[in-house]
Amino acid sequence: MAQLIWDARNQAMHFEDRCHSKNTCDTFAILASAFGDEFCLGHNTGRNLARLVVLDLLKWRTGADFYADIAAVTSAEVQSA
């Protein structure tokens, strides 16, 4: 999840650029393969796709939604360590 969040952030910050990092391209290629062309960087040049990741994919509509996911992720990381 951390990589997804980071790459969505990078895409949001640089969505007007035609060149993205390899990690960002790879993440959005996986998303496009799994969820459709709305996540494809090539089909959405100049469009900020972070909203799709945050609202549609992660379903973070409130601060509580965000905190619940982050708490679950950090709890799982602590338990696996």
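Derivation of every value follows stated rules applied to the coordinates shown; laboratory data play no part. Since this is a predicted model, take the numbers as computed values, not measurements. Glycine also receives a Cβ, built like all others from the backbone with ideal geometry; neighbour counts cover every protein chain displayed.
Near S33, within a Cβ-to-Cβ distance under 15 Å, what is the net charge of the other residues, with Lys and Arg +1 and Asp and Glu -1? Write out the running numbers ahead of the final one.
Working: positive: none; negative: D7, D26, D37, E38.
Around S33, the charge tally is -4.
Might you report the magnitude of the Cβ-based charge dipole of the chain about its Cα centre, with Lys and Arg at +1 and Asp and Glu at -1, to the nearest 20 debye?
Numbers: 7 positive and 10 negative charges, 24 e Å.
With only Lys, Arg, Asp and Glu charged at Cβ, the dipole is about 120 debye.
Using every alpha carbon pair in the chain, what percent of pairs falls into each 5 Å bin from 0 up to the bin containing the largest distance?
Taking every Cα pair in the chain, the percentages come to 3, 15, 25, 23, 15, 12, 6, 2, 0.
Apply 1/(1 + (r/R0)^6) to the Cβ-Cβ distance of C25 and Y67, taking R0 = 30 Å, and write down the FRET efficiency to the nearest 0.05.
Working: r = 29 Å, r/R0 = 0.98.
The calculated FRET efficiency here is 0.55.
Quick check: convex hull over the Cα atoms of the range 1-43, volume per residue in Å³, rounded to an integer? Working shown, then result.
Details: hull volume 2.7 nm³, N = 43.
Taking the convex hull of the Cα positions in the range 1-43, it is 63 Å³ per residue.
Which trypsin sites (Lys or Arg not before Pro) does the chain hold that lie in a coil by DSSP with at most 16 other beta carbons within 10 Å? Write down the numbers at each step before the final one.
Working: sites: R9, R18, K22, R47, R51, K59, R61; in loops: R18, R47, K59, R61.
Passing both the DSSP loop test and the Cβ count: R18, R47, K59, R61.
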